[in-house]
Every structure is written in C-alpha cells, then in structure tokens.
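Chemist: Once you've had a glance at the structure underneath, I'll fire off some questions.
The values are calculated or read from the model by the stated rules, or taken from the named source; none is laboratory data. Everything numeric here is computed off the predicted structure, so don't read it as measured data. Cβ atoms come from the backbone with ideal geometry, glycine included; neighbour counts cover every protein chain shown.
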Amino acid sequence: MFSTLLNQILSDSTGQPFGSLQLFGPELTLSAGIVLMLLARLCGIDRRLPTHWIALWMTFIAFSLGVFQFVEFSRSDLGTVEYFSGLMVFDRFSALFRLGLLLFLIFTITLTVISGIPDRDDAPDFYSLLMGASVGMLLMGGANHLLMLFLGVEMSSVPSYAMVGFLKGRKASSEAALKFVVYGAGAAGVMLYGISLIAGLLGTAEFPQIAIQLQTLFAGESAALSNPAIRLLMLGILMLLVGFAFKLSVVPFHFWTPDVFQGASAEVGGFLSVASKSAAFVLLVRTVLAFVTPASSADLGQIYLTLGLGIGVIAAITATFGNLAAYSQTNMKRLLAYSTIAHSGYMLMAIAALIVLRAGLEPGSTGYDDRCARAVEGLLYYLAVYFFMNLGAFAITALIRNETFSEEIEDYAGLGFQAPILAIGMGMCLFSLVGLPPLGGFVGKLFIFAAVYDSGFVHPLMWGILAIGGLNTVFSLFYYIRVMKTMYLQERPATARALRVPAWSYSGAFVLILTLPLLLPLGTAVQLVSGVAKRAAMSLFAGL
Amino acid sequence: MGSTGETLRNLLTLAWLLPLIGFLVEIYALCWTHRLSKAPAYLAVGCIAAGFVCSFTALMTWGVQTDWVVFQSTHHDEHHEGDHHGEQHHADEHDAETAHVAEPAKTDEHHKHAEKAVASAPADALAATHADHAAEHGDGHSEEHAAKPTVFAGTFYNLGSFGPLKISLDWYIDSLTLVMFTMVTFIATCIHIFAMGYMQDELTEDYVDHEVHLANHEHFHRPGRFYRFFSFLSLFCFSMLGLVLAGNIFQVFIFWELVGVCSYLLIGFYVERKSASTAANKAFIMNRVGDFGFLIGLMIIWTSLGTFQFFDSVDAEGHTSQVGLFHLIRGTTGEMQLSADGQQVLLQNEVGELLTAGENLRSIPYWLLVTAGLGIFAGCIGKSAQFPLQTWLPDAMEGPTPVSALVHSATMVAAGVYLAGRFYPVFTPEVLLVIAYIGCITLFLAATIAVVATDIKKVLAYSTISQLGYMMLGIGVGGWGAGLFHLVTHAFFKSLLFLCSGSVIAGCHHEQDMRKMGGLWKKMPITAATMLVGVIAIAGLAIPGSQAVLGETFAFSGFHSKDAIVATALAYTKLNAVHGLLFLAPLVTAGITAFYMFRLWFMTFAGAPQDEHVYDHAHENPAVMTGPLLVLSLLAATCAIGGESGPLYKLLALSEAVPAGASTAPSSPVTIVLPTHGQVHAVHATAGKFALLAAGLGTLVAYLLYCRKALNPAEIGRQFSGVYGFLVDKWRFDELYDFLFVKPAHSVGRWCQGFDKVVLDGVLHGASSLVMLVSTWDRWFDERMIDGLVNLVGQVTGQAGRSLRVVQTGHLRQYVMWIAVGVVVLFAALFTALPK
C-alpha cells in the first residue's frame, strides 16, 4: 500500500520534464534537515557538530536546488507546471519566491548564529521550528488548492507560535506566545469556515477551477446581492481574507502583532515580519488571481471592484494606523511591529490595485494585464527591499541588545559615535523604511504607488488611497527619525555600557552585507531586480 | 639679402631679449644669491653690454651689406668744398651700383622669406627722394640707389587672426632702428656701470631712508634693493628695445606700455617716500591721458586701414598679402593721393597703384587720418612730456639719478620722439603743424622754468623737456632727419649731464640744491670737466670761423643737431610766413638754453663755495662712476661730427620715409609748404649764425651773472618777482591742472561718495530694513502659523497615536472578541457597499 503510493508519487511525471518530487526538492531537503538535526541530538552529535551548521548546510543545499530549478525552469520555456495532482503549482513566480525565502532563511540562521539566541541545547528545536515554518511558507508560495492554502498557513503559523515563546522563563515571551496561539487559532477557524463555504458553493477547491465554476454558477443569473449565492460567496471570501488579514496583521486583525513582536526575540520578529508576510502576500496574489479573472461576468466584476476598493480602504487605514500608533512607542521592537503593520498596509495597496485593475476589465479582455503584472512586480520588488531593510532593522536591534541588554529607544542614546557601523546600518534601514532615495525603500514605494495610480483610472477612489499612502510616508518620517535623533544627537550617558562593534567583526560584516544592497542594487541599479521580478510577475498572466 | 635680414634680425633679437633674461634671472635669483651680492649688477651690465655688441655688429653688418650706400648718397655736398668731388664720386659709383642692381633682382626670384618683399617703402621713398633731388638739381642719374634694400622686416609670430585682420609680432629694421639700438644699448651700458657705483648704498640688509620720517621721529629702515633696481633697469631696456624693433603700431603700443610700467617702477623706487610714490603715479596717470589718444589712433587705423604693420606682408608665393601702413598712405613716391574733392585719402599699394574695393577706390576720410595722427601724437605728447602733459617729468626726478639719466636720454622720453619719427608717413601736414607748435610751446616754456630752477636735477629735467620740444619742432616743420638727429645727440649729452649731476649728488652726499654748491671743480675735477663738455654740447656753442680752417664748424654734437632744427625752422617760416614764431621761439630758446646750462655749471662748480659743510664733505667719485662720464663725454662731443654731412645724420636720413617737402597738401584746410632739403641748405648758414649768436649771448649773460657776479641774480629775481614767481611755480601748470582736473575730480568724487552714502546706502539700508521687517513678519508667520500647523498636526497625530494605544489593551479576550467584531463589521460594511 505504502510502496504503491510511493511508487505513484515517484513516477508522477506531471507529463512534463519535471517530476513532482523533483520540484518538491527544496522542501524535502529542509525536511531532511529537520530530521537530521533531531537525529543528531538523539545520537549526541550536536555536542561535536553545532546544530546550526546542519541547519545552514541543509538550507544552503535547498537554496542551491532552488537556484538550479530556477535556472532550469527559466530555460525550459514552460509557463506553469502543476504537480502533486494539481495541489501545488510551479512557475517562475513561486520559483523566485522560493529563492528569496531560502536566502532569507540563510540570513536568519546566520543572524541567530551571530547573536547566539538559541543556546546549544535548544538549537535543534529552534532550527527545526524555523525550518518547519519555512517549509510551510514554501507550501504557501506554491499552493494551488484551497486545502493547500490552509495547510500552508497553519504549517507556517504553528512553529511560529512556539518560536515566539522560545525565550523560556520570560513572562512576556510566554504571554506573547499564548496570545499568538489563541489569536491565530481564532483566525484560522474563521478562515477554515470561509474555505468550507467557498468549496461547498463552488464544488471545487482547485484554483484553476474556481473561475470556471464561478462562470457557470452565475451564468445567466444576476450576480447582485439579491442572489443568495453571491451573499454566501462574499461571506466565504471575507472569512478567507480574515485569515490572510491575521497573517498580514491588517487592521482590525493586527492586535497580536505588537505584543508578539515585543515578547519574541528580535530574530524571531524579523523572521515573522518578513518571511511569513512575504509568503502570505504571495499566496494572496495567487488567491486573488484565482477568483478575480477577466472572464468573470460584468456583475461579478462590479462586486470584485467593490471588494478591491474595500481592501484598498483597509490598506490605507492599516498604514495610517500603524504609523500613528508607532509614534508613542518607546520599545524598538514594538516600534518595528507597528512599522510592520504600516508596511503591510502599503503592500496591501498593491493587492488592492491588482484587484481593481483586474475587476475593471471587460470580460475576456487582457488589456490591463501588463498593468496588473506591474502591480505584482511592484509588490515583489517591495518584498525584496523589505527583506533587507526590515531584517536589517531587527538584526541591528538584536545586535544592540546583545551589547546593551536593552531594546528601549532611549538606551540608544549616543550609539552613533560608539558603534558607528550599527548606527549607520540602522540609519540605512530606517531611511529605506521611510522611503527616501537613493535607498531601495523609495523605489519599492514608487512601484507600488505607480500601480495604485494606474488603478485610479478604473476607480478614482484609488487616487485618494494613493494620497493617504503618500501622506503616511510623511507621518512615518517622524518616528523613524526619532530613533536616529536619539542615536546621533543625544549624549551617551556616562553610566551607560560602552559598545564596541567594529566594522570588521562578524556583526559588522553581517550588517554591511544586509544593508548595502539597499543602496546597490535595490536603490540605484533598479533594473537588476525589477527585471527578474517583472518576468516572475508576467508568468502569472497567461495573456503575456 | 634675406640672409642679411635674418642676421640682423637674430642680432637685434638677441640684443633685445638679453635684458629680459637678465631681468628674469635677477628678479628670481635672490634664492641663489643674497642682498649684499653685486651679481645682479654684473649680470645686468653683461646683458646690456652684450646687447650693445650685438647692436653694433648689426649696424656694421647692415652697413657692409648695403655697401655703406648711406655715405655715397651725399645730399648736402653742394654746400661744401667737396661738392664736385661728391658729384664725381657719385658718377663713378654709378657703374658699380648698376652692377649691383641685377643681383638682387635675381635673388628676389628665389626668395620666399617674409622679409624679402619687405616693405622697401622707405627705400623706394629714398629713391623718390633722389629722383626729387635729381630733378631739382637737374641731375641725370637717379634710380640706382633703389636697388639695395636698406630695410628689412618680417614677422616673428602671429598672435591672432580676425578674418582678414591680423595681429602679429613683427620686426622692422632700418637704419633708424639700428642707430636707436646702438645708442640705447650703449648709453644704457654706461648708465648701468655708473649705477653700480651710485647704488652702492643699497647693498645692505638695513637701508636707512633719510627722506622718510616716521611718526616716532626715526628714519625708515628697510632691506636694500640693489638687485631689484638692476632687474627693473633690465626690464626697462628690454621694453625700449622691443619698442624700437616693433614692426607694427600695436606691438609698439605693447612695449610703449611696458616702458610706462618700468618708469613707474623706477620713479617710485623709493616707494616709501610719499613724493616718490606720488611722482610715479603722476607719471603713470599723465601717460595714460596720452595713451587714450594713442588708443583712439590705433582703433582708427585698425578699422579704417585694416592693418597695423608698417611694412607689406608677403605670402608664401611672394605676393603681397597685405600692404603696410606706409605704402597704403604714401605709396612709393611718398605723396598722399587725394580724391578730387580733397576729402578722401586714396590708398595705394606696394607699387604705388591705387587700391580698389570692387568698383570703388579704397580710401580713408582725410579728417579721420588727421584724427588718427593726432591720436598717435597724443601718445607721444604723454611719453615725451610735451605741453600740456609735461608736468610729470620734473617730478620723475624722485627716482634714483641713473634712472633719470636713462629716462631722459635713451628710453622713456625718447620713445615718444621715436614714434613720432617712425609714424611720420601717416601724419598729414595739419598734424605736423600741431606737432611743430606743441614742440615750439614746450621748448620755450620748459626753458624759462629751467632758468629759475635751483635743484640741479630739476634744471636738467626742464632742459630735457625743452630739448624734446626741439625734436618735436624739428619733425613738425618737416625736418625729420634733424629731429631724430637731435634725439640721438641729445641722448648722449643728456645722459652725460645726468650722470654728472648724479656724480655731484653722490659726491655731495645727496645734496641737490645748487645754491649750496659752488667751487666744486676743485673737489671733483673729472665730473666738472665732463659736465662742461655736456653743457657746451647742449648749449650749442661752436667756434666761429672754424669752418674756414677745418672745413667744417668745430662744435660738439648739440650744435650740429640744433643747428639742423633751427635751419629747417627758418626754411619753414620762409615758406610759411604766418608761422614765424616757429623760428623765433627756438632761436630765443637757444639763448636761454645756453644761459641756464651755464648757470648750472657756474653755480655748481665755479665761484666760491656757498655751503662750507657741503663743500668740505664733497669728494670725487670712484672710477666706476667717472669712467662712464669720460666715455659719454667723448661721444657727446664727437657723435655728431661732420654735422649734416657726418655719418650719424646720413645714417638716420637714409630712413626718411617721406621726402622732405612731399607733404604739401594745397587742397587741405591749412595751406602748408614744407621745405625741401635744398631750401633748408639755402638758409643753413644763416640759421647757424643766428643760433650761435643766441647761444653765445646766453653764455655771456650766465658768465656775467653767476661767475663775475656783475649783477646779483637774486636782486633781479626780486625786481621781477611776478615773472620770477610765475616761473618758479612752473607757469602754475600744476595749480591749473589741480584747479581744472584734480579739484573737479575730487569734488565729483566727493559728490559720488555723498551719492553713495546718502542715496545708494539709503536704498540699501532701506531695502535691508524692509527685508528685516518682512523676515520678522515671516518669522512670526513661520513660527506661529506654519510651525503651529505642523505642531498641530504633530499633536493631533501624536494624540491619535496615544489614543490608538488605548485600544491595545493587552487583554487576550478583547483581541479574540475583535476578530468576531471585525468579521461582522466588515461583512456589514461590504454588504452595504456592494451593488444591490
């Protein structure tokens, strides 16, 4: 029985040059790494070989596989490959995401090695959780089925809960973990309910089928609110989106974020804020494209347009809320948590723009496809920038914490002169988060705002959202600058612990490697990354 | 003959550039030597002496090359016993000369050098002169001398081209250039050597300037400036030589200004003395006034004639590419061609044909040419200290005495006369008349002032002005050769006189007041003797009747040259009776000159010592100073030997570009007839007698007054106190200029200052107050409104942030409740928004 299944899986050739297991290679490698680490502890190898080497090497192998796949796939001239009998999908989009995530994982593991957050005993557990969550996120990136969607979200969430509470014996940490778990469970419940409603209504859970089913469902029928099927569908979609909103900490489902980020270690915070959000956004793009197609009827298009505008409004509210709430924060991690919320808002604007552009199309038309692709491209670029600037901010917070044992902003006073490399790196990250040229944050914001501007031609409300987005950039300046002000314009108290972080230490080099890409290529040689992002985004649109 | 041109060019260029090298080394060499070193002096003397050798060699080369044609063409033979011999000689020469004619014609074919086609303008003019002459005397053979070019010219370097207009560095060598070079380098060498002794006291690290009184009743101390003095002297010589060598009027202007700068530097050598710095400024500013005219002349020439060059420039094929100034105006015959109505001067080419521009003849308006000539002459007035710009020269005595000697003989003031001579072809008869009258006024005016001057150098300064007036007069009345003859002879005896005065001053420990001297001939016999030679030379004394014995009048150089000028003036006034003053003034002034020069000599050297202190300390100077005096006195006595039949005059006269008498312009507004050489000769003896008589009278009066004390000069001064005071005040020119220019300039300046203070500053202050007001208001607006707004926004957002914080209670129960509430609210909102 098992062997037949195994044979079936092994021989599953998807009718393409790439087999399912072949395509699933990186995830399998990561899983093998988890097993290896756990076995190593069982055999006591971790006494001799530090666990992070296993984690790092396995991740690196997975990354290499990802690169290999990316290159091979780019050569093969294939558009989309479904595997595991349609549960998963592989295209340039997911290949790129996979590369980015695995690279991010390498960075995170390196950071934890430098900052030494899991001690030797806990290291196998920590890296198992980290890699497990990463596998979940990879699943999210390639999900082609509502079930896989849920599975991916949960698989990435559950290890996260444990990682948040990983700082054992610290009350805040445990409390944060508890809140995260309960909140996550609630959101998951709502989302699962939504999924079941949609699946029940449409009779399918496969993404490619959803549009077709919608077509047949509302063929000849009014797709107005008076139609109970529409109400049901809307309710389902809304609940599905609540699940996403939780992952993305979108208002009003953001409550967990500040508490969790403050309670968790900065390394975990950085991982969560970048990795899980990127995965969620990638998955959201897939979901949106599955539901909102130009083939939908005109009425349905109208409904989607409303939905898109609603998401836009929520995005604007989220960005504003995140920025305003960050004002009065005194803890760096908490400040970054609110900043994360705000940035989710910005990125959600790209999703809103995507929906609005797509819904505004005439049935069967592909006229806006290039503009939709540009919205996705912008989102990808922003994620790439976000990778560096947010991880950089969290990493530097962690490095400072290692030196000063404090994450309070007021304790950063005078750091600019004691640890210039950290302060300059922090400055680069923060200014990039604000979106000032010539740093990557500016370019990313420019891409997203351009997409929102494009969508304004479909519905002018988007221009209002664009204006709020611009205004938010100004708002955000204040609290980011405040950190810089503390570091550079305030004297370091004589009683404060002196710092020594030379640029040629591991920490300094890590900060440099992490922050320099913000300037080059992301900030100045835009074509380098945007070209890749563009090709990945275009692979999602059959018309291109 | 191109090779001759090249040889001459190379020699003169070397002579010209050596002082520049000397200057550069001297001025920068302080790092190799020290202030006490005499090396700069040796270097400067070496450079200028080498320059003299080069110049003299060039003169000899030129002479050999031209077969000393100058001495074969005897213009004035007819007045001497050798008359027939001369004619015979002339005739003999005929065959030889014709033999020479073919040769240059042949070599011309091969010749592509620029200097080849050389403006043989003067040569042609010379030919014309001969023709003229020949016609006059019914002489048959005339053309032969034209064959040998005596003028060489070419281009060193092209500075820039503006369409057809070109500015270049050119060279122009004729006998005038060569004589000037030789004279300048020789005199400068003497002066340099003399200065080595005179400037001895500058060889110190701590020079005490007794003329400068500081506030604390001490004298001014400074390091010695021996090297600087000699470097400036070298630069001065370089500038002067460059001016003489220049082949176009613009280049002349460049060196003209350089000469001005050098004189400024040297007159203001004792810069700490207020009088010296003022004098330097005065010299410089007065010269700028003249240069203003010069510039106007330059612009007219540039725009109307299209060239600055004196000579015709020749392209690679040997064709004339640009006709030079002299040919343009005078053609080959030396005559201006006027249009029918006399309002236009028609331009001519190198063979004397009229130039055309399309259908029309090329021409320049007559009045414009007059203006150009007057403009250029204005420059000469400034440089040569002619009326009305003469006041700077006496003040220029503030410089060290060797500088005065140089300025007054070979360089600065000579430049003005030289230019007037060089540019003679472009001057119209009207301009010449102006020149004559300016010279006439100047010579008389300066001489009268010299009569009452008591400062030994001031007397010499005024005599210089007076003598320059003679030169200008000579040129103005058509005696081109006479004027330049006097320039050269004057250079010798005036440098001698100045060096003698310098010797006296040095010997008397910087005492310059003649009233405190007297009887010094016992103390300094060499100086006294040499100065007597100079005085006799400038006074123009001669031994009457010596002509009968010696074949010519025995006299020192000044007699011959002044005689030539007076004779020309007499011939001129005979032809133009209206201008009789032009003869009377120089004649009278000749007497005055003799008077004041002998007055100077008698007061200084003869009689009883006036001031025991000065007398007791007086001493003869060392050989380094007396040596040059002896050499110069020899030349001052003999350089003009032979008078107008002598070598010097003939050399100069060869370069006369316009035949005497050629400038008659009957149709011009003023009818002037210039005398021909023949007419001058006709009256020569008469004029000579008159001049000698005047000089003798002057000498006699001086002897009676200052040696025999027949009358008390001071008594005469009191008797004619009005005239005396007027003369002592230098005709009150300084006061007049003070009243006419300085005071008005000051009041205009004060008015401008007032305007500046009251109006402009008022406007500025008002504007600044307004800006202050606006900015105050702006600040208020900024602080209250803008900042207020920003602060308000900040407060509101901060408040909003804090209030948002309230929502974040930290209670898990509430969070979970928010999920439910959120879903419901969103659902409600969606259903409200969705299209029904």
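Chemist: Would you mind stating whether B:Cys508 is under 30 Å from B:Tyr615 (Cα atoms), more than 27 Å from the chain's Cα centre (by Cα) and crowded, with 24+ Cβ neighbours inside 10 Å? Break it down into steps so the answer makes sense when it comes.
Modeler: Working: under 30 Å from B:Tyr615 (Cα atoms): yes; more than 27 Å from the chain's Cα centre (by Cα): yes; crowded, with 24+ Cβ neighbours inside 10 Å: yes.
Yes: the conditions hold for B:Cys508.
Chemist: Does B:Gln390 qualify as being within 26 Å of B:Tyr470 (Cβ to Cβ) and in contact with a Cys (Cβ under 9 Å, 6 or more places away or on another chain)? Even if it seems obvious, please write down each step before you answer.
Modeler: Values: within 26 Å of B:Tyr470 (Cβ to Cβ): yes; in contact with a Cys (Cβ under 9 Å, 6 or more places away or on another chain): no.
When the stated conditions are applied, B:Gln390 does not pass them.
For (1) crowded, with 24+ Cβ neighbours inside 10 Å; (2) closer than 28 Å to B:Leu265 by Cβ; (3) among the basic types (Lys, Arg), each residue gets a yes or a no:
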position: B:Pro402; (1), (2), (3): yes, yes, no
position: B:Ala410; (1), (2), (3): yes, yes, no
position: B:Leu433; (1), (2), (3): no, no, no
position: B:Cys440; (1), (2), (3): yes, no, no
position: B:Val452; (1), (2), (3): no, no, no
position: B:Leu468; (1), (2), (3): yes, yes, no
position: B:Leu473; (1), (2), (3): yes, no, no
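Chemist: Read through the list (1) surrounded by fewer than 11 Cβ atoms within 10 Å (Cβ to Cβ); (2) within 12 Å of chain A (Cβ to nearest Cβ); (3) of a type in the set (Val, Ile, Thr), then give the number of the only condition that B:Val763 fails.
Modeler: (2)
Chemist: Among the residues in segment A:315-326, are any touching a Gly at 6+ places or on another chain (Cβ under 6 Å) and modelled with pLDDT under 90?
Modeler: yes
Chemist: Quick check on segment B:708-741: of everything there that is closer than 16 Å to B:Met603 by Cβ and of a type in the set (Gly, Ala, Ser), which residue is surrounded by the most Cβ atoms within 10 Å (Cβ to Cβ)?
Modeler: Checked segment B:708-741; the qualifying residue surrounded by the most Cβ atoms within 10 Å (Cβ to Cβ) is B:Gly717.
Chemist: Working only within segment A:231-269, note down all residues that are more than 8 Å from chain B (Cβ to nearest Cβ) and β-branched (Val, Ile, Thr).
Modeler: A:Ile237, A:Val250, A:Val251, A:Thr257, A:Val260, A:Val268
Listed here are the residues, each with its yes/no results for (1) part of a helix (DSSP H, G or I); (2) within 14 Å of another protein chain (Cβ to nearest Cβ).
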{"position": "A:Tyr161", "(1), (2)": "yes, yes"}
{"position": "A:Ala177", "(1), (2)": "yes, yes"}
{"position": "A:Val182", "(1), (2)": "yes, yes"}
{"position": "A:Ala187", "(1), (2)": "yes, yes"}
{"position": "A:Ile212", "(1), (2)": "yes, no"}
{"position": "A:Glu221", "(1), (2)": "no, no"}
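Chemist: Another one. What helices (runs of 4 or more DSSP H) lie completely within segment B:570-640 and have 2 or more residues being closer than 25 Å to B:Ala539 by Cα?
Modeler: Working: elements: B:581-605, B:612-617, B:623-638.
In segment B:570-640, the matching helices (runs of 4 or more DSSP H) lie at B:581-605, B:623-638.
Chemist: Still on this structure, please answer the following. Considering every residue within segment A:481-497, establish whether at least one is touching a Leu at 6+ places or on another chain (Cβ under 6 Å), farther than 27 Å from A:Ile341 by Cβ and among the β-branched types (Val, Ile, Thr).
Modeler: No, because not a single residue in segment A:481-497 is touching a Leu at 6+ places or on another chain (Cβ under 6 Å), farther than 27 Å from A:Ile341 by Cβ and among the β-branched types (Val, Ile, Thr).
Chemist: Quick one: which of B:Arg802, B:Arg784, B:Arg813 is away from chain A (no Cβ under 11 Å) and either among the hydroxyl-bearing types (Ser, Thr, Tyr) or out of contact with any Pro (no Cβ under 7 Å at 6 or more places or on another chain) (or both)? Talk me through it step by step, then tell me what you get.
Modeler: Numbers: B:Arg802 fails: away from chain A (no Cβ under 11 Å); B:Arg813 fails: away from chain A (no Cβ under 11 Å).
Residue meeting the stated conditions: B:Arg784.
Chemist: Given the options A:Ser115, A:Ser31, name the one that is in contact with a Lys or Arg (Cβ under 9 Å, 6 or more places away or on another chain) and closer than 28 Å to A:Tyr386 by Cβ. Quick ask: steps written out before the conclusion?
Modeler: Values: A:Ser31 fails: in contact with a Lys or Arg (Cβ under 9 Å, 6 or more places away or on another chain).
From the options A:Ser115, A:Ser31, the qualifying one is A:Ser115.
Chemist: A further question on this structure: Do the conditions hold for B:Ala714, that is, is it assigned to a helix (DSSP H, G or I), modelled with pLDDT of 80 or more and not polar (S, T, N, Q)? So that I can check it myself, show each step before the final result.
Modeler: Numbers: assigned to a helix (DSSP H, G or I): yes; modelled with pLDDT of 80 or more: no; not polar (S, T, N, Q): yes.
No, not satisfied.
Chemist: Turning to a different aspect of this structure: Does segment B:209-226 contain at least one residue that is in contact (Cβ under 8 Å) with a residue 12 or more places away in the chain and buried (at least 24 other Cβ atoms within 10 Å of the Cβ)?
Modeler: Yes, some residue in segment B:209-226 is in contact (Cβ under 8 Å) with a residue 12 or more places away in the chain and buried (at least 24 other Cβ atoms within 10 Å of the Cβ).
Chemist: Moving to a separate point now. Scan segment B:795-826 for residues that are of a type in the set (A, V, I, L, M), at pLDDT below 80 and touching a helix residue (DSSP H, G or I) at 6+ places or on another chain (Cβ under 7 Å) and report the count.
Modeler: Going through segment B:795-826, the residues of a type in the set (A, V, I, L, M) turn out to be B:796, B:800, B:804, B:806-807, B:812, B:816-817, B:819-821, B:823-826.
Now restrict to residues that are at pLDDT below 80: B:800, B:804, B:806-807.
Then drop every residue that is not touching a helix residue (DSSP H, G or I) at 6+ places or on another chain (Cβ under 7 Å), which leaves B:800, B:804.
Counting residues in segment B:795-826 that are of a type in the set (A, V, I, L, M), at pLDDT below 80 and touching a helix residue (DSSP H, G or I) at 6+ places or on another chain (Cβ under 7 Å) gives 2.
Chemist: Kindly indicate the residue of segment A:189-210 that is assigned to a helix (DSSP H, G or I), among the small types (Gly, Ala, Ser) and away from chain B (no Cβ under 13 Å) and also nearest to B:Gly810 (Cα to Cα) among those meeting that condition. Explain how you work it out, then say what you get.
Modeler: Looking only at segment A:189-210, we keep the residues that are assigned to a helix (DSSP H, G or I), and these are A:189-202, A:207-210.
Add one more test, that the residue is among the small types (Gly, Ala, Ser), and what stays is A:189, A:194, A:196, A:199-200.
Going one step further and asking which of them are away from chain B (no Cβ under 13 Å), we end up with A:196, A:199-200.
Numbers: A:Ser196: 31, A:Ala199: 36, A:Gly200: 37 Å.
By that ranking, first place goes to A:Ser196.
Chemist: Answer yes or no: is there a residue in segment B:329-347 that is closer than 19 Å to B:Tyr172 by Cα and part of a helix (DSSP H, G or I). First the steps, then the outcome.
Modeler: The initial filter retains those residues of segment B:329-347 that are closer than 19 Å to B:Tyr172 by Cα, namely B:329-332, B:334.
From the residues that got through so far, the ones that are part of a helix (DSSP H, G or I) too are B:329-330.
Checked segment B:329-347: at least one residue is closer than 19 Å to B:Tyr172 by Cα and part of a helix (DSSP H, G or I).
Chemist: A follow-up question, please. Quick check, is A:Leu422 surrounded by 24 or more Cβ atoms within 10 Å (Cβ to Cβ), under 24 Å from A:Pro493 (Cα atoms) and either modelled with pLDDT of 90 or more or of a type in the set (Lys, Arg) (or both)? Can you show your working first?
Modeler: Working: surrounded by 24 or more Cβ atoms within 10 Å (Cβ to Cβ): yes; under 24 Å from A:Pro493 (Cα atoms): yes; either modelled with pLDDT of 90 or more or of a type in the set (Lys, Arg) (or both): yes.
Yes.
Chemist: Identify the residue in segment B:534-575 that is at pLDDT 80 or above and surrounded by fewer than 24 Cβ atoms within 10 Å (Cβ to Cβ) and, among all such residues, is farthest from B:Gly478 (Cα to Cα). Walk me through it before giving the result.
Modeler: If we filter segment B:534-575 for residues that are at pLDDT 80 or above, which is where we start, we get B:534-541, B:556-575.
Imposing the further condition that a residue be surrounded by fewer than 24 Cβ atoms within 10 Å (Cβ to Cβ) reduces the set to B:541, B:573-575.
Details: B:Leu541: 24, B:Thr573: 11, B:Lys574: 13, B:Leu575: 12 Å.
Among residues in segment B:534-575 that are at pLDDT 80 or above and surrounded by fewer than 24 Cβ atoms within 10 Å (Cβ to Cβ), the one farthest from B:Gly478 (Cα to Cα) is B:Leu541.
Chemist: Scan B:Val823, B:Val790, B:Val774, B:Val796 and give me the residue that is aliphatic (A, V, I, L, M) and within 9 Å of another protein chain (Cβ to nearest Cβ).
Modeler: On inspection, the qualifying residue turns out to be B:Val823.
Chemist: Quick check: is even one residue across segment B:261-271 more than 21 Å from the chain's Cα centre (by Cα) and surrounded by 18 or more Cβ atoms within 10 Å (Cβ to Cβ)? Break it down into steps so the answer makes sense when it comes.
Modeler: Of the residues in segment B:261-271, the ones more than 21 Å from the chain's Cα centre (by Cα) are B:270-271.
Among the residues that remain, those that are also surrounded by 18 or more Cβ atoms within 10 Å (Cβ to Cβ) are: B:270.
So far as segment B:261-271 goes, yes, one or more of its residues are more than 21 Å from the chain's Cα centre (by Cα) and surrounded by 18 or more Cβ atoms within 10 Å (Cβ to Cβ).
Chemist: I need a count of the residues in segment B:320-344 that are under 11 Å from B:Leu305 (Cα atoms) and either among the aliphatic types (A, V, I, L, M) or not assigned by TED's automatic domain parsing to the domain that holds B:Val151 (or both).
Modeler: 4
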